[in-house]
Amino acid sequence: MRRVVVTGLGLVTPLGADVETAWANILAGKSGAGPITRFDASDQVCRIACEVKPATHEYGFDPGKRVDHKVQRQVDPFIIYGIDAAGQALEDAGLTDMTVEESWRAGCSIGSGIGGLPGIESESIVLHTKGPRRVSPHFVHGRLINLISGQVSIKYGLRGPNHAVVTACSTGAHAIGDAARMIAMDDADVMLAGGAEGTVCPLGIAGFAQARALSTGFNDTPEKASRPYDKDRDGFVMGEGAGIVVLEEYEHAKARGAKIYAEVIGYGLSGDAYHVTAPHPEGDGAFRSMQMALKKAGLEPSDIDYINAHGTSTPMGDELELGAVRRLFGDAMQTVSMSSTKSAIGHLLGGAGAVESIFCILALRDQIVPPTLNLDNPSDSCVGVDLVPHVAKKRQVRAVLNNSFGFGGTNASLVMRSI
Amino acid sequence: MSETADRVKKIVVEHLGVEAEKVTEEASFIDDLGADSLDIVELVMAFEEEFGVEIPDDAAEKITTVKDAITYIDEHKA
């Protein structure tokens with residue numbers, strides 16, 4: 001089987017719109033949460049989010065850097081974040097000037113959990129107040145989930161597989177896993193893979209709040225709201241942004257002298273077959289997803305030094321994931337570190353698995369694991385587990401596991417190691 | 001420059017993200033200003049909103065330059 005390595009990274013997050021800024025802020029224990037500024041949220045039960053900051057902010061995002069003015073006007077935020085992160089990753093990999101022949105072997109697998117919800121919401125209002133002839137001609141293709149892959153392929157001339165994953169909060173991890181398989185199966189030599197989300201809008205917040213998924217008890221102290229594994233956790237904090245990696249066939253990367261961050265060695269997928277929003281009570285799907293990824297990687301649990309948990313800060317989800325990890329890892333629980341970076345940047349939904357995979361890769365690179373913020377009073381079930389409370393931790397990191405679980409009972413796990 | 005021309009050009013600059021100097025009256029939306037057919041649909045909608053005119057599809061199809069737009073609006077606005 002052809003080996004697949006990571007040769008480029010791109011991030012747009014609530015804590016920075018480039019890889020090094022976001023990572024430095026994550027390691028410094030900063031929080032990207034704050035009161036919602038995108039719209040008047042005063043009538044919502046959840047009034048906080050981890051928003052991508054405006055260009056004027058210390059670590060804000062300037063959409064004009066890589067996204068044409070015209071495209072910015074036509075598409076939803078998730079596509080803008082995705083195009084920028086994809087551009088960062090290609091620049092990082094040194095692949096912005098491919099020949100036509102090379103471009104036939106370079107593709108995209110970039111997804112989103114929900115897609116253009118803000119635009120669907122606002123254009124629906126236009127339809128109902130002004131009539132069908134006022135609906136934007138760019139409405140459809142500015143909201144479709146596969147239009148990150150579409151826009152990116154057009155902008156950068158990528159003529160290989162053009163694919164988009166939609167598996168709710170597992171999207172980013174599935175997108176990377178699927179793209180790695182396309183390279184392994186010889187469908188492509190290079191794949192841009194990852195996910196993006198931008199649903200901080202009235203309908204998005206109200207919808208998740210009505211599903212009882214969001215934190216509602218920390219509206220006055222937003223930076224305390226995302227607290228995975230803590231006794232006082234009461235739901236997730238919505239984040240937004242994008243994470244995209246360049247995956248490349250190993251020999252291809254080596255031949256051109258590319259910088260290699262890590263190798264993707266394991267990918268597991270499973271379904272809970274249980275409930276649309278609640279995870280399986282025994283964490284069955286999560287367990288089998290991790291187990292499959294480890295098996296593919298040919299590793300034992302004791303080979304894994306760091307787990308970036310799904311850990312959304314919901315009362316049930318965190319508990320069940322921890323239980324599944326405990327069952328799979330057994331004695332290896334004593335040596336592994338496991339943290340949730342959602343404590344810092346919130347839950348990026350379809351972007352989460354990709355952004356968190358990038359944090360895993362950086363943990364491998366820098367031999368340091370990011371912290372779980374706000375873990376003041378760990379739940380009773382956390383005893384004996386290193387959840388990296390409050391501060392980043394220098395330690396040996398040989399191989400990493402990233403978990404993502406989504407509505408519909410869909411689970412994905414990725415295993416990566418240094419090369 | 002007429003008041004209509006001024007407002008039309010402003011809309012074109014905003015929607016197409018082109019430099020104001022490029023938006024001459026002779027400029028073709030597609031050939032000179034990088035628009036595609038959907039951009040023109042959007043521009044026509046914006047003209048309708050701005051000037052309170054209705055531009056039916058058959059008339060919109062004939063609007064290919066900045067001058068075409070200005071002329072149509074001047075002839076049909078209230």
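Restriction of the GluC sites (Glu not before Pro) in segment A:240-337 to DSSP coil positions whose beta-carbon has at most 16 other beta-carbons within 10 angstrom yields A:Glu282. Between exposed chymotrypsin sites (Phe, Trp or Tyr not before Pro) in chain A, where DSSP calls loop and at most 16 other Cβ atoms lie within 10 Å, what's the longest gap? Value returned for the longest uninterrupted segment is A:40-273.
Can you list the trypsin sites (Lys or Arg not before Pro) in segment A:322-419 that are in a DSSP coil and have 12 or fewer other beta carbons within 10 angstrom? Intermediate results must be reported in sequence, preceding the final value.
Working: sites: A:Arg326, A:Arg327, A:Lys342, A:Arg365, A:Lys393, A:Lys394, A:Arg395, A:Arg398, A:Arg417; in loops: A:Arg395, A:Arg398.
Counting only loop positions with at most 12 other Cβ atoms within 10 Å, none of the trypsin sites (Lys or Arg not before Pro) in segment A:322-419 qualifies.
Under 13 Å Cα to Cα from A:Lys295, which aspartates and glutamates show up? Leave out anything in the same chain fewer than 8 places away. Output for A:Lys295: A:Asp303.
Averaging sequence separations of C-alpha pairs under 8 Å and six or more residues apart, then dividing by the length of chain A, give the relative contact order as a whole percent. Can you show the working numbers first?
Working: 1171 pairs, mean separation 96.0, N = 419.
Value for chain A: 23 percent.
Tell me whether chain A comes out rounded, prolate or oblate; compute the Cα gyration tensor, take square roots of the eigenvalues as a ≥ b ≥ c, and use a/c under 1.5 as the rounded threshold.
Numbers: a/c = 1.57, a/b = 1.05, b/c = 1.50.
Judged from the Cα gyration tensor, chain A comes out oblate (a/c at least 1.5, b/c at or above a/b).
Dipole of the protein assembly as shown computed with +1 at Lys/Arg Cβ and -1 at Asp/Glu Cβ about the Cα centre; of A:His252, A:Val388, A:Gly406, farthest Cα towards the positive end is A:Val388.
Can you give the charge dipole size of the protein assembly as shown about its Cα centre, rounded to the nearest 20 debye, using +1 on the beta carbon of Lys and Arg and -1 on the beta carbon of Asp and Glu?
Numbers: 45 positive and 69 negative charges, 367 e Å.
So the magnitude is around 1760 debye.
Amide H to amide H distances under 5 Å link A:Gly266 with A:Val415, where only residues 5 or more positions off or on other chains count and H is placed in the peptide plane.
In a reduced charge model with +1 at each Lys and Arg Cβ and -1 at each Asp and Glu Cβ, chain B shows a dipole moment near 200 debye about its Cα centre. In the structure shown, the pairs A:Lys53/A:Lys224; A:Lys30/A:Lys65; A:Lys65/A:Lys393 are assessed against 22 Å; a Cα-Cα span above that value is assigned to A:Lys30/A:Lys65; A:Lys65/A:Lys393.
Of A:Lys130/B:Lys62; A:Lys155/B:Lys62; B:Lys9/B:Lys77, which ones are farther than 23 Å apart at the Cα? Mind dumping the intermediate values first?
On the way: A:Lys130/B:Lys62 25 Å; A:Lys155/B:Lys62 30 Å; B:Lys9/B:Lys77 17 Å.
A:Lys130/B:Lys62; A:Lys155/B:Lys62, as the Cα separations exceed 23 Å there.
Ordering A:His141, A:Ala179, A:His163 by Cα displacement along the dipole of segment A:106-220 toward the positive end leaves A:His141 in first place; charges were set at the Cβ atoms of Lys, Arg (+1) and Asp, Glu (-1). DSSP assigns beta bridges within the protein assembly as shown; of those with both partners inside it, close to 65 percent run antiparallel.
As a length-normalised measure over Cα pairs under 8 Å and 6 or more apart, the relative contact order of segment A:113-185 settles at 30 percent. Once C-alpha pairs closer than 8 Å and six or more residues apart are averaged by separation and normalised to the residue number of segment A:332-419, the relative contact order reads 33 percent.
Read the figures in this text as sums done on the coordinates, not as results from a lab. Note that the coordinates shown come from a computational prediction; the quantities given were computed from them, not determined experimentally. Glycine gets a Cβ as well: all are built from the backbone with ideal geometry, and neighbour counts include every protein chain shown.
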